[in-house]
Every structure is written in structure tokens, then in C-alpha cells.
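Below is one structure; the comments refer to it alone.
The values are calculated or read from the model by the stated rules, or taken from the named source; none is laboratory data. What you see is a predicted model, and the numbers here were worked out from it, not measured in a lab. No Cβ is skipped: glycine too gets one built from the backbone with ideal geometry, and neighbour counts run over all protein chains shown. Ligands, DNA and RNA are excluded from the accessible area calculation, which covers all protein heavy atoms including side chains. Shrake-Rupley method; radii C 1.70, N 1.55, O 1.52, S 1.80 Å.
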Amino acid sequence: MYPLQRPRRLRNNAAIRSLVAENTITVDDFIVPLFVVEGKGVKEEIASMPNYFRYSLDVLEEEVKELWALGLKSVLVFVKVPDELKDNAGTEALNSEGLMQRAVRKIKQVIPEMVVMTDVALDPYSSYGHDGIVEDGYIINDKTVEVLAKMSLSHAEAGADFVAPSDMMDGRIEAIRTILEDNGFVNTGIMSYSAKYASAFYGPFRDALDSAPGFGDKKTYQMNPANRKVALTETILDIQEGADIVMVKPGLAYLDIVRDIANEVETPIAVYQVSGEYAMLKAAAEKGWLDHDQVMMEQLMAFKRAGASLIASYFAKDVALLLKK
């Protein structure tokens, strides 16, 4: 008696496997993080993120053109702010001629169709390296939210298509949505870092922007890695307050969170494959311990399989080049 069902029939060759694949990876899945610095002619490799760079605005122009030519249609902008411009009030974040605002205008000038997303948080601008205003050693929520809303408006005025608050302050999505609506930016979207965990995977990113906290940690506002249920609460609150896209960060260690959210909401879900995830694979591949491209694609497929619609990843350009072959 032979089995009537043989699942291996659908795995017999590459063509059949492609026909029945439940998920695929394309360039349309990606948001490309970009690190921007002051200066001219600057393309600095980040030591803890091999083959990833900080760009001055003139060099950024060429990078954006290359991304667009590869089919990558969205970028997420971060800025490295000089120390002399940092304070405890986020003053430079509101400067209409600040580095972020100039970067947005530059990208839109070069490729008007590029979807430009901007990081909204105070840590790059903070003399304390925290995502909010500090009083007596504590990160103050509501005063921070006021600044984040004004910061978002400034980004929208510069031409950002989406603002991406990454701070995890309570109530900031409603405040941002309100100020955008009140000022006529009804089509400016919000991609909220809804479930952002207090993770050790962020180390290389903090090197890239010199944004490590000057004291303590971020555990009073970023989420506890031990907790699962609160992620859905945070996400639903953000959707109710006006988020257009919600995000889970980091990626691989939080696939259960992506799946939980995908099971409950219709809002597009982004996942951030963070700097530590990138650095680990680059290091292992350099040692010859892992096949870089195969592991990269397997990790990305895990995000799609878990329910992510979008992936912010430092591998985006690598994937686009691989898919072109």
C-alpha cells in the first residue's frame, strides 16, 4: 500500500518549488536605512557594520541614485549630529536647516519618487544619548512627546513621506498625527516603532550614530524582552492613534511578536533587521562559517513567513544585487 499523499512531489525541482512557494523576496519588500553625516566627500565605513557607510549629502546623492536603479524605492534616514549641537531639549531636531531636513530635501531633489522615511527620536540630538528629555535621571514622557510632534512636522515640511517615531514614548502617535493634520500634512504617513524591545542587538547602530545612552539604559521606555502580550497592546494603541504602518524591532529574536500582531491586525507590519543581526552574519561569513547569501535570504524569508509586509534591512542592497544576477 503506497501513501496517497507524498508531499515531496511538490519539492521535486526548482520550478515546482517556485510555483507553490508561499512567500517570496523582492526589492519591493525593503526599506534601506541610510546614515548621514556633515561634511563633503564623506563615505565612512562603520567598523562594526562591514560594508555599511555614513554618507555626507553630496555622496548620499550618488548612493540614492544607485538604490533607485536597483529597484529599491524606500529609505529610512538617520543622522549623526555633531556633539556641539546636542542638548537636553532636542533643539537641533527642530532646525529647518538641520542635517535631517537637508537630507530629506536632497533625496527628494535627486529622486522625487523615492519614499523617504525619517527617524523621529531625540537620542541623536541628546547630550544624554536618550530618546527623550531627561529630568533628575528619568526620561520624561509628555514633554518629550511635544518635541517629537514638532520634530515630525519639521520633517514633513522638508518633504518626508513618512515619519518613523522610534522612541517608545506613550501617546506620541496621536500627538504626531494631530500636529500633521492641523498643519495640512494629511498625506504624511506614520510608521510607528510599535513593539521596540530593549535589545542588546543595537550595539553597532549606536556606534554608527554615536547615540549610546550616557547613563543607565533604555529599559524604562523600550519593551522588556521577557514580555509578549504587551506588544499587541502597544501596537493596537498606535493604530488607534493613527499609525499607518507598525513595526517590530529587532527581527529574528522576535518572530513570535510579528506573528502575534499579524494574526490580529490588518495594518501593514514592518520588521527591522537590526545592526547586530547584520554584524553577526557578516562576521560569520567572513570566517567562512556560514554561506552569506543563503543565510541572508533564509533570515529575510523568516520575516515574510512570520507576517511582515516590509523589511528595514542593511542587507537590502546586497539582496537587490543578488536578485539582479
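Quick notes
- The Rg/Rh ratio of segment 178-314, with both radii computed over alpha carbons and Rh defined as the Kirkwood radius, is 1.01.
- Ordering ILE236, THR267, MET247 by the projection of their Cα atoms onto the charge dipole of segment 223-281, which places +1 on the Cβ of Lys and Arg and -1 on the Cβ of Asp and Glu, puts MET247 at the extreme positive end.
- For segment 137-186 versus segment 274-325, the spacing of their alpha-carbon centroids is 31 Å.
- Taking one quarter of the surface of the convex hull spanned by the alpha-carbon atoms of segment 247-325 gives a direction-averaged projected area of 5.2 nm².
- Computed lengthening from ALA284 to LYS143, 0.36 nm per intervening residue step minus Cα-Cα distance: 46.5 nm
- Take every DSSP beta bridge whose two residues both sit in the chain; close to 20 percent of them are antiparallel.
- For the chain, the mean residue ellipticity at 222 nm estimated from helices alone is -12000 deg cm²/dmol, where every DSSP H run of n ≥ 4 contributes -39500 (n - 2.57) and the total is divided by all residues, rounded to the nearest 500.
- Full extension of the chain segment joining GLU298 with ALA200 gains 33.1 nm, where the gain is 0.36 nm per residue of separation less the Cα-Cα distance.
- Helix axis angle, 141-158 relative to the chain longest principal axis, alpha carbon, degrees: 80
- Signed unit charges on C-beta, dipole axis of segment 1-77, positive-most listed residue ALA69, ILE25, ASN51: ILE25
- With 18 Å as the limit on Cα-Cα distance, the pairs of LYS73/LYS282; LYS282/LYS317; LYS65/LYS108; LYS196/LYS218 that go past it are LYS73/LYS282.
- The angle separating the long axis of helix 255-264 from the principal Cα axis of greatest extent in the chain is about 90 degrees.
- Looking at segment 62-110, the GluC sites (Glu not before Pro) that sit in a DSSP loop and have at most 11 other Cβ atoms within 10 Å of their own Cβ are GLU97.
- Rounded FRET efficiency, nearest 0.05, which uses the C-beta distance separating GLU264 from ASN88 and R0 of 30 Å: 0.20
- Counting only alpha carbon atoms, the long axis of helix 229-241 and the longest principal axis of the chain meet at about 60°.
- Point-to-point label distance, ALA21-ASP58, nm (Cα→Cβ direction, 7 Å offset): 4.2
- Solvent accessible area, Å² - TYR128, 1.4 Å probe, full protein context: 90
- Estimated Rh, the chain: Kirkwood, alpha-carbon pairs, angstrom: 20.4
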